[in-house]
Amino acid sequence: MEFVPETVLKRDIFSETIVGHLAEDPACKVVLRKLDGVPWYARPIAWFLARKEVRGLRAVAGIEGVPELLRVDRVGLLRSWSEGTPLQLAKPDSAAWYHDAKRLLREMRARGVAHNDIAKPQNWLMTPEGRAAVIDFQLASVHPRKGCWFRLLAREDLRHLLKQKRAFAPGLLVPSERRVLAKKSLPSRIWMATGKRAYNFVTRRLMNWSDGEGTEDRIARDGPELRKIAERPEMSDVVLCTYALPARGVGVYAFYETYMAQSELRALVPEARADLVQAVAEFPRDGVEIREDILHLIAANRLDELAVLMAGAPDLQPVVARIVAGRQNLTDRVLRR
C-alpha cells in the first residue's frame, strides 16, 4: 500500500498532514499523518496522540461518517480521505444533517468512544450526499466499561454538536436541546473556572499568543518598508496578509509578484518586517484587480475555504495552484477578531 503525496495540508511540532493517493489506485484519495520527521523532544507526545487516534479509529471502524484506518507504521498513520465540506462553510440548516450527526454520536457512544474535539466546526463535515461525517480522532478516548467519566465525555460531545446547531440553525433547536446547552458538565465548569483561565494567562500574557490583537498594527508598522521593496525593477506588486503565529501573536505574510528566486527574495526582505515571504510569478486577478481574498486564504492556510471559493473561478485555478504549492504557512491556527 504505497502512498503518493500530493499536498501538505498542515504541519506542526507533532505531525505533518499530507493528502495524496495510493500508487496502485490513483483514484483512492488518502491522508497521511506523518510522524517520522517530528523533533525528538516532541516524539513522546506525538506518538501518544497517534496511539489515541489509532485506538479511536479502530473502535469506530465500519461506522458511516468516520475515516477508515488503512495503515500504521514508523512513518505514521494512513487513513481514508473524508469527502465533505467543513461545517463553518457548509452551515447546515436542515434537520436531516443534525439528525444524522446525532446518529453518528450514538453509534460512537455504543462502542464506548468519545471524540473530545468536536467543538471545532472544522472537525465536522457535510458530505456531498448531505450526510454527517467527523474527522481528527487525535483526542478521542475509548472506554470499554462506559463508566461515569465516559458518560460525561459523551454528553459533552453532544453538547458541542448542539452548539454547532445553535450557531448555524438555531431555529431547529428543541426545548430539551436548549436545556442540554444551558447546563455544562462539572468537568467543563471546572475547566472554564480554573484551567482555561490559567491557559489564557500563559498563552496570551506570558507567551503573547494573540488571536487577532495587533493585526492592524503589524501592517501599519511594517507595511511601508515592505511596499517600498516592491518598487524594485524586478518586482511588479506586493500583497500583505496576516496569519496566526502558533505561540507569538500575529505574523505578516508578504506575497511579491516577481521572477526572483525564493531564496533571493527572502534574503532581501527583513525577517523583522515579514515573518514569511513568497515569490509569486503571477497574482490571481479579475481583470486588473488582484484577488487579495484568495491570497489571504493561502496565507492563513485555509485550504478548505479556498477550495470552495475556487469552485466558482475555474480560470484562476492553475495560477492559484502554483501559489498554494509554494505557500510558506502550513499551520492551521485561526485568527479570531
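Can you say whether Phe150 is in contact (Cβ under 8 Å) with a residue 12 or more places away in the chain, touching a His at 6+ places or on another chain (Cβ under 6 Å) and open to solvent by less than 50 Å² (accessible area, probe 1.4 Å), as far as the supplied structure shows? The answer is yes for Phe150. Does Leu306 qualify as being farther than 19 Å from Arg221 by Cβ and not charged (D, E, K, R)? Yes; evaluated as a whole, the condition is true for this residue. For region 59-84, a residue qualifies if it is crowded, with 19+ Cβ neighbours inside 10 Å and in contact (Cβ under 8 Å) with a residue 60 or more places away in the chain, and the qualifying residues are Ala59, Val60, Gly65, Val66, Pro67, Gly76, Leu78.
Among helices (runs of 4 or more DSSP H) entirely within region 247-337, having at least 3 residues that are in contact (Cβ under 8 Å) with a residue 24 or more places away in the chain and open to solvent by less than 10 Å² (accessible area, probe 1.4 Å) singles out 292-299. Between Phe14, Phe48, the distinction of being within 23 Å of Ala140 (Cβ to Cβ) and within 17 Å of the chain's Cα centre (by Cα) belongs to Phe14 only. For Gln138, the test of being modelled with pLDDT under 95, within 23 Å of Ala90 (Cβ to Cβ), not in a loop (DSSP other than H, G, I, E, B) and not hydrophobic (A, V, I, L, M, F, W, C) is failed. When region 90-113 is limited to residues that are more than 15 Å from Gly65 (Cα to Cα) and crowded, with 18+ Cβ neighbours inside 10 Å, the one that is farthest from the chain's Cα centre (by Cα) turns out to be Pro92.
For region 11-33, enumerate the residues that are of a type in the set (Lys, Arg) and crowded, with 16+ Cβ neighbours inside 10 Å. Once the filter is applied, which keeps residues that are of a type in the set (Lys, Arg) and crowded, with 16+ Cβ neighbours inside 10 Å, region 11-33 yields Arg11, Arg33. Given the structure, is Pro44 farther than 24 Å from Arg327 by Cα, modelled with pLDDT under 95 and open to solvent by 20 Å² or more (accessible area, probe 1.4 Å)? The answer is yes for Pro44.
Mind checking which residues of region 233-246 are farther than 14 Å from Ile219 by Cα and either part of a loop (DSSP other than H, G, I, E, B) or open to solvent by less than 30 Å² (accessible area, probe 1.4 Å) (or both)? The answer is Pro233, Glu234, Met235, Leu245, Pro246. Remark: pairs (first residue in region 124-137, more than 20 Å from Thr17 (Cβ to Cβ) and of a type in the set (D, E, K, R); second residue at pLDDT 95 or above and open to solvent by 10 Å² or more (accessible area, probe 1.4 Å); Cβ separation under 9 Å; 6+ apart in sequence or on different chains) = Arg131/Glu64; Arg131/Gly65; Arg131/Ala96; Arg131/Asp100.
Could you say whether any residue in region 270-285 is in contact with a strand residue (DSSP E or B) (Cβ under 8 Å, 6 or more places away or on another chain), more than 25 Å from Lys228 (Cα to Cα) and not basic (Lys, Arg)? No, the conditions are met nowhere in region 270-285.
Which ones in region 114-126 are under 17 Å from Glu156 (Cα atoms), touching a Ser or Thr at 6+ places or on another chain (Cβ under 7 Å) and open to solvent by 10 Å² or more (accessible area, probe 1.4 Å)? Listed by number, the list holds a single entry, Asn116.
Scanning region 83-129 for residues that are in a helix (DSSP H, G or I) and among the small types (Gly, Ala, Ser) yields Ala90, Ala95, Ala96, Ala101, Ala110. Within region 22-34, residues that are within 20 Å of Arg51 (Cβ to Cβ) and at pLDDT 90 or above reach partners that are buried (at least 16 other Cβ atoms within 10 Å of the Cβ) and among the acidic types (Asp, Glu) with beta carbons closer than 7 Å, at six or more positions or on different chains, in the pairs Lys34/Glu16.
The values are calculated or read from the model by the stated rules, or taken from the named source; none is laboratory data. None of the values given here were measured: they were computed from a predicted structure. As a convention, Cβ positions derive from the backbone with ideal geometry for all residues, glycine included, and neighbour counts pool all protein chains shown. Keep in mind that these areas ignore ligands, DNA and RNA; they rest on the heavy atoms of the full protein, side chains included. Shrake-Rupley method; radii C 1.70, N 1.55, O 1.52, S 1.80 Å.
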